[in-house]
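Below is one structure, written out as structure tokens; the observations come after it.
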């Protein structure tokens, strides 16, 4: 984490991130109190066979921002993502999204609320095209029933045609993948597959987007592209983002707020520049108090 925590991305991304943060500062200049969190995690606990994965974790995700969740391997980051997205039910605590307690809601209901997620390991359908994979993300918003969809007539045909046009116009164009929209996912390189998975999450029309290691395994150019897309989602689409990522350069470049976990507990949170020099964060990553800037 030491030297890697310094930014290395292209100037375009650095300036883009500064504009996003600067805009946030201007918007908040006359605000006397913190905005209501879009997501509130309150005292969440989770254990597996007597092993505690999360120990009373609480955090707020501010609307319209990029919040990064960081920590060493085994800190509980993915466990928290799984709790928020519905793959695990917490043993204790509450989850509040946009004023609604969704702690016990099933995963499809959470998607309908506006919570979407990408995964650490790509989970696309390799035999299907890019366009078809992305279209699957919109399932929570389709109105036609199973019979109409199976017969593919009337309202079902119109809805599918409208959905395809919307995805091609908004998502495929945004992610710059028009040239591969009819290509089977199995034929794409890793970096483009990660982009397609992001597109599928965007098809869910999220208010909150959970990104689980979005640049893991990518080269520098692919990482910079993904960072640019994430910044554009925040700045132009107004999507609130909670991300887990080990690339500390990217985290510190694009995040507005950083939350640090270690052994299932929150040990620190604050602005990126504060977390770079926080003694507890340095010790968690390096095992000793050293300057990580």
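Read the figures in this text as sums done on the coordinates, not as results from a lab. In this text, all values refer to a predicted model and were calculated from it rather than measured experimentally. So basically every Cβ, Gly included, is an ideal-geometry build from the backbone, and we count neighbours across all protein chains shown.
What to note about this one:
- Estimated inter-spin distance, residue 182 and residue 265, nm [label 7 Å along Cα→Cβ]: 5.8
- The ranking of 194, 182, 55 by Cβ neighbour count inside 10 Å, starting from the fewest, reads 182, 55, 194.
- By average C-beta atoms within 10 angstrom, highest first, the peptides 57-66, 183-192, 243-252: 243-252, 57-66, 183-192
- Calculated over segment 159-211, the projected area of the Cα convex hull averaged across directions stands at 4.1 nm².
- Modelled label reach - residue 113, point 7 Å along Cα→Cβ, segment 48-92 residues with backbone N closer than 17 Å: 57-64, 80-92
- Exposure proxy ranking, count of Cβ atoms within 10 Å, fewest first, for 222, 213, 236: 236, 222, 213
- Overall form of segment 206-293: prolate. Here a/c, set by the Cα gyration tensor axes a ≥ b ≥ c, is 1.5 or more, and a/b is the larger of a/b and b/c.
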